[in-house]
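Let me begin by presenting the structure, written as structure tokens, before commenting on it.
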Amino acid sequence: MEAMFAFMLVFMILGALNQTLINAAKVRQNTAAMDQAIEEFHALLTIKSDIEAALTLANPAVNSTGSRLVLNRVNPDLPFTDRIDSVLGSADPFESAEQLTITYEIQDGVLKRLVKQGTSPAVVQRLIPAQTLRVERTGGARGLVTVSLSIEGPRVTKTRVIKAAVR
Amino acid sequence: MRENFRQKRGFLLIFALLLTILITLIALGLLGLREGSYASSRAAINSIQARSLARSGMGDIWVKLSKDPFYPGGVGDDQTLFSFREDVTDQANNPVGSYQVILDRSHRLTNNVLRIECTGIAGQLDEKSSHFTIYAELSTLPGDFRFKVWQEGTSPKL
């Protein structure tokens, strides 16, 4: 009787533990997938943020498609008060000397963000492993930019798409 | 022999109880390990919500300024710094969060620029939640009314 009760208790606990471990494994898988998705969305939101901050979009041309995105934006590291220094330069806070050229492209299976100011060499930032980048501009100079990023997952290749309006 | 058997009675029960405690401790430990992941997921969701609220605030001020370039005062208003906060609710009127907009008009006349900062706050103010700040510079030049600087996730500047 005592042994039966003990075994029953152990089996109950083992069953509960089994369920806990199965759920923990599921959560672990889902968390890994979510971490990957967050990285992908972070890369896409970085692109979107750059497009929305762009003063000009150099590539692709209006109403065309390309595999590179090139844009110019004001250097965010320069405070506004430095950019309107009328003694040392122009009072225009958005002049070309205060701009960065940012390029997004796939190099060696990795989406890279190249940041260049003036004639200095570009600073390369590695975002995420990706297969292809497709940038489509529609609706004229102040239209819409659609960015499609193909990312190879463990089982399938996913295409993440984000749209941003050119200001 | 019978005395020895009597002494060993209850051994399995004690063993089972000890095993139960051990296994429970292991399970609780495993669950505790996941707590960081759950917190991280919650933080990611809050951060996305705060970002959306900040963007809503930027949209709000954009519309206000596009309708009235001298918002919130008038042409002769000398006050340079303004701030307002809006609470945001969902369709069922449950609080989603809020956004605070700060508008700096001190360079409106000299440089044709309005500096705007919007902070989105996910959840209610007394909750542990996320903040997200967007800083922007709006050109008010005639024919060139648009954001020329847009920085997301910055620390407050104004």
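No lab work stands behind these numbers, since they all come straight from the coordinates. This one's a predicted model, so the numbers in the text were calculated from it and none came from an experiment. No Cβ is skipped: glycine too gets one built from the backbone with ideal geometry, and neighbour counts run over all protein chains shown.
Please compute, for peptide A:20-28, the average count of beta-carbon atoms on other protein chains lying within 10 Å of each residue's beta-carbon.
Per-residue shielding by partner chains comes out at 3.
Full extension from residue A:58 to residue A:132: what is 0.36 nm times the residue separation minus their Cα-Cα distance, to one decimal in nm?
24.7 nm
Note down the magnitude of the dipole of chain A about its Cα centre, charges +1 on Lys and Arg C-beta and -1 on Asp and Glu C-beta and zero elsewhere, to the nearest 20 debye.
I would put it at about 580 debye.
Mind ranking A:10-16, A:102-108 by how tightly packed they are, going by the mean number of other C-beta atoms within 10 angstrom, highest first?
Packing order, densest peptide first, comes out as A:102-108, A:10-16.
Please give the helix A:2-53 orientation as an angle from the longest Cα principal axis of chain A, in degrees from 0 to 90, rounded to the nearest 10.
10
Over all residues in B:11-19, what is the mean tally of Cβ atoms on other chains that come within 10 Å of each residue's Cβ?
4
Under the definition of partner shielding as Cβ atoms of other protein chains within 10 Å of a residue Cβ, what is the mean value for peptide B:40-52?
Mean inter-chain Cβ contacts per residue within 10 Å come to 2.
Evaluate the distance, in nm, between pseudo-label points positioned 7 Å from the Cα of residue A:150 and of residue B:21 along their respective Cα→Cβ axes.
6.0
Which far-off residues, 5 or more places away or on another chain, put their amide H under 5 Å from the one on residue B:96, with H placed in the peptide plane?
When sequence neighbours closer than 5 places are left aside, the close amide H contacts are B:88, B:89, B:90.
Given the options B:84, B:111, B:50, identify the residue whose Cα lies farthest towards the positive end of the charge dipole of region B:46-152 (+1 on Cβ of Lys, Arg; -1 on Cβ of Asp, Glu).
Checking the options against the dipole of region B:46-152, the answer is B:111.
Can you work out the Karplus-derived ³J(HN,Hα) for every residue in region B:33-44? Use 6.51 cos²θ - 1.76 cosθ + 1.60 with θ = phi - 60°, whole Hz, and x for glycine or proline.
After applying 6.51 cos²θ - 1.76 cosθ + 1.60, I find 5, 7, 4, x, 5, 4, 4, 5, 4, 4, 5, 5 Hz.
Using a 7 Å offset from the Cα along the Cα-to-Cβ direction at both residue A:75 and residue A:29, what is the distance between the two label points in nm, to one decimal?
Label at residue A:75, label at residue A:29, 5.0 nm between them.
With an 8 Å Cα cut-off and a minimum separation of 6 or more residues, compute the relative contact order for chain B in percent.
Relative contact order of chain B: 18 percent.
Within region B:52-144, list the trypsin sites (Lys or Arg not before Pro) lying in a DSSP loop whose Cβ has at most 13 other Cβ atoms in a 10 Å radius.
Passing both the DSSP loop test and the Cβ count: B:128.
Starting with the fewest neighbours, write out B:31, B:141 ranked by other beta-carbon atoms found within 10 Å of each beta-carbon.
B:141, B:31
Could you size up the charge dipole of region B:46-152 around its Cα centre, putting +1 on the beta carbon of Lys and Arg and -1 on that of Asp and Glu, and report it in debye to the nearest 20?
280
Of the listed pairs A:48/A:112; A:26/A:158; A:26/A:48; A:112/B:157; A:48/A:158; A:26/A:163, which have alpha-carbon separations greater than 23 Å here?
Beyond 23 Å: A:26/A:48; A:112/B:157; A:26/A:163.
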